[in-house]
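The values are calculated or read from the model by the stated rules, or taken from the named source; none is laboratory data. Owing to the predicted nature of the structure, the values given are computational and were not obtained by experimental measurement. All Cβ positions, glycine included, derive from the backbone under ideal geometry; neighbour counts span all protein chains shown. Surface accessibility is based on the protein's heavy atoms, side chains included, excluding ligands, DNA and RNA. Shrake-Rupley method; radii C 1.70, N 1.55, O 1.52, S 1.80 Å.
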Amino acid sequence: MEVNLVVAVAVINRNNMKNVLLIFIAMWTAQLSAQQDSTLVYKKRVLETTEVDFLTSYYGQDGKNAAVTGGIGTEKLTDITAAIVVSIPMNEDDVLTVDAGFSAYTSASSSNGNPFDISGASGNDDDDDDDDDDRVGQKAIGDVIGSPWVASSGASGADVWTNVNVDYAHSSDDRNTIWNADISFANEYDYLSLGFGGGLTKLYNEKNTTLGLSSKVYLDTWRPIYPTELKAYDDVNGNQNDGFFEGVTIVDQQGNATVNWRPLNGFETIEGKGRNSYAVSFSFAQILSKNAQFSLFMDVVKQQGWLGNPMQRVYFSDVANFYIGNASSIPNYTSSVNKDVFQLADDIERLPSDRLKIPIGFRLNYFVNERISLRTYYRYYFDDWGIKSNTASLEIPIKISDKFTLYPSYRYYDQTKADYFAPYEAHSSTRKFYTSDYDLSAFTANQYGFGVSYTDIFSAAHVWKLGLKSIDLRYNNYQRNTGLNANYVGLGFTFLMD
Amino acid sequence: MKTTVFTSRLILNLIQQNMSKISIVILVLLVSLSSCVAVKEYEKVNLSDPDMVLAQKKIDRFKTAFQVYREGASGANGGKSGGGCGCN
């Protein structure tokens with residue numbers, strides 16, 4: 001039987017050698033093809049499933065150096081934000097991310113673009129924008145008051161910033177090359193922004209080294225809002241018995257009625273309303289050991305256009321002062337006891353139309369053990385407006401169980417003042433550029449934070465088709481040595497789509 | 001062309017003025033690199049921990065946003081470096 005089988009195979013082989021060879025080649029080719037297919041089938045996806053983040057925050061601040069009122073006055077502000085970030089795997093290699101959100105604030109400082117509204121003085125349309133529709137209600141002499149220390153009900157006191165950003169990222173088969181492109185749109189009451197950009201990331205050295213290059217362009221436009229008195233002055237060509245000024249008494253430093261107030265050089269609304277920003281970013285990341293890795297970031301940012309805020313007043317030391325309101329409160333003008341007199345602006349802030357900013361950041365993370373990690377960050381920043389800054393932060397994630405992690409943190413910040421900054425009534429009117437915005441002053445700031453995270457790697461809890469992956473809660477207290485104090489609470493939920 | 005030359009000179013001047021700080025960063029970088037040994041994929045368990053990510057976390061984005069508004073400096077954190085808002 002065995003002999004017959006061998007003979008039979010030999011006969012088949014002799015007779016069909018050509019066919020067998022063809023079958024063998026076909027099978028080998030099929031096997032190769034199958035191997036290639038299996039590689040494709042089992043290629044790990046960049047993002048396994050759709051990820052959805054719901055983020056929200058509350059921010060509140062108070063201080064005594066409001067830029068809108070020339071470097072003095074209440075800085076009280078509250079802001080509530082919410083955003084949804086949806087990352088969708090388009091295939092094994094590509095991810096589409098849509099990020100949309102809003103930020104709604106109420107600001108005592110911003111409301112004082114029109115400080116006279118606390119007396120209901122500015123009529124029905126008090127937006128103080130470029131339109132010529134600012135009308136005046138009926139006012140009696142002495143009725144019109146204002147104060148840098150009191151929030152007004154002006155239209156600029158509340159605003160909603162909305163934002164949409166769409167990003168598309170593609171990873172190569174070996175995951176060593178990633179490119180992305182994004183577009184963004186943002187809108188608020190006095191500002192419109194269009195942005196687009198792209199980047200390329202390369203991984204080397206068994207993915208131990210990462211190099212990145214990206215760029216971003218923002219083409220922004222102001223819809224400027226001006227201090228009410230300056231806009232009104234421009235509207236009536238300086239006639240202080242007309243428009244907003246009709247029936248309003250302007251007084252000098254001694255409290256005597258006058259019509260001699262005149263903004264610096266007379267006031268004209270701004271011509272160029274564009275603000276373009278061009279940013280190029282370099283990044284380098286390196287794994288140092290099984291427990292440590294660092295990254296280095298450097299941005300070169302060029303900004304051109306109207307780089308000041310048209311709503312922010314400036315008062316000069318060498319220009320006479322004029323007020324609207326209760327003359328007896330003038331001696332207490334810089335004190336928060338002043339509730340009923342407001343100083344008319346000499347001008348809005350003027351800043352160069354170019355700015356070059358170069359921040360260099362360094363991040364080092366160290367995995368101490370299963371419970372504790374260290375997240376450190378340092379940034380040195382300098383620009384051609386004279387600001388030099390140091391930022392250092394430390395966050396220590398502490399895992400207290402397999403689901404809960406605590407996040408104590410501290411951040412230090414300092415900066416030198418911009419060349420164009422001076423406090424209230426300290427600028428000389430002979431200078432070309434000037435601002436009393438304390439965000440551009442010299443200061444140091446300390447920020448203390450604490451947070452907690454809940455993570456469920458199985459995403460067991462469900463809302464509709466979304467499995468809850470994590471919840472993050474953060475609190476931060478921010479204190480600036482200029483007197484600004486802020487509190488921040490952030491809350492985020494991350495879901496995975498089933 | 002004139003603007004490009006001017007900008008390039010401006011960048012060079014700024015870098016020269018801040019050379020000491022930049023040198024420290026480069027030195028740290030070189031020292032770090034000289035001690036590097038490639039870590040294999042299967043050895044990256046600790047590095048893959050979510051708390052080890054070398055970027056700002058999503059939950060911190062609004063915190064960074066208010067810092068961008070309240071401070072003269074911005075950027076170099078993988079996020080916004082200027083533009084997109086009426087801030088600094």
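Along each of its three principal axes, how wide is the spread of alpha-carbon positions in segment A:220-364, in whole angstrom units, largest first?
Dimensions of segment A:220-364 along the principal axes of its Cα atoms: 75, 36, 24 Å.
Over the alpha carbons of segment A:203-264, what is the largest minus smallest coordinate on each principal axis, giving the biggest first in Å?
Answer, in whole Å and largest first: 78, 25, 17 Å.
Taking the simple approach of a point 7 Å from Cα along Cα-to-Cβ for both residue A:462 and residue A:86, what is their distance in nm?
1.9 nm
Relative to the isolated chain, which residues of segment A:162-195 have their accessible area cut by 20 Å² or more in the presence of all protein chains (1.4 Å probe, heavy atoms, no ligands or nucleic acids)?
A:188, A:191
What does the accessible area of residue A:278 come to, in Å² to the nearest 10, when a probe of 1.4 Å is used?
80 Å²
Consider a paramagnetic label point 7 Å from the Cα of residue A:400 along Cα→Cβ; state which residues of segment A:441-461 have an amide N under 15 Å from it.
What the label zone holds, given the 15 Å backbone N cut-off, is A:450-455.
Multiply the residue gap between residue A:174 and residue A:487 by 0.36 nm, knock off their C-alpha separation, and tell me the result in nm, one decimal place.
Residue separation times 0.36 nm, minus the Cα-Cα distance, leaves 108.2 nm.
Would you mind checking the pairs A:469/B:44; A:64/A:216; A:302/B:63; A:44/A:202 and listing those with alpha carbons more than 26 angstrom apart?
Pairs exceeding the cut-off: A:64/A:216.
Using a 1.4 Å probe, how large is the accessible area of residue A:170, given in Å² and rounded to the nearest 10?
Accessible area, nearest 10 Å²: 50 Å².
Compute, for segment A:180-329, the length of the dipole vector about the Cα centre, with Cβ point charges of +1 (Lys, Arg) and -1 (Asp, Glu) only. Units Debye, rounded to 20.
940 debye
Mean residue ellipticity at 222 nm from the helices of chain A, using -39,500 (n - 2.57) per DSSP H segment of n ≥ 4 over the full residue count, to the nearest 500 deg cm²/dmol?
Helices in chain A give a 222 nm mean residue ellipticity of -3500 deg cm²/dmol.
Name the residues of segment A:222-242 whose amide N is less than 20 Å from a point 7 angstrom out from the Cα of residue A:252 along the C-beta direction?
A:238-241
Tell me, what are the semi-axes, in whole angstrom and largest first, of the equivalent ellipsoid of chain A as set by the roots of 5 times the Cα gyration tensor eigenvalues?
63, 24, 22
How large, in percent, is the carbon and sulfur part of the accessible surface of segment A:268-343 at a probe radius of 1.4 Å?
Carbon and sulfur atoms account for 52 percent of the accessible area of segment A:268-343.
Testing the spin-label approximation: label points 7 Å from Cα along Cα→Cβ at residue A:43 and residue A:446. State their distance in nm.
Taking the two extended label points, one gets 5.3 nm.
Hey, can you list the residues from segment A:481-497 whose accessible area shrinks by 40 Å² or more with all protein chains present, relative to the chain by itself (probe 1.4 Å, no ligands or nucleic acids)?
Residues of segment A:481-497 that lose at least 40 Å² of accessible area once the other chains are added: A:488.
Keeping all protein chains in place, calculate the accessible area per residue for chain A (probe 1.4 angstrom), answer in Å².
Per residue, chain A has 45 Å² of solvent-accessible surface.
In Å, the Kirkwood hydrodynamic radius of segment A:315-401 over pairs of distinct alpha carbons?
18.4 Å
Rounded to the nearest 0.05, what FRET efficiency do residue A:204 and residue A:237 have when you use their Cβ-Cβ distance and R0 = 60 Å?
0.35
If the chain between residue A:217 and residue A:477 were fully stretched, how many nm would it gain, using 0.36 nm times the residue separation less the Cα-Cα distance?
Going from the current span to full extension adds 90.4 nm.
Round to a whole number: what % of the accessible area of segment A:352-423 belongs to carbon and sulfur, probe 1.4 Å?
That share works out to 64 percent.
Roughly how big is the A-B contact, given as buried accessible area in Å² (both sides, 1.4 Å probe, nearest 100)?
Result for this pair: about 6400 Å² buried.
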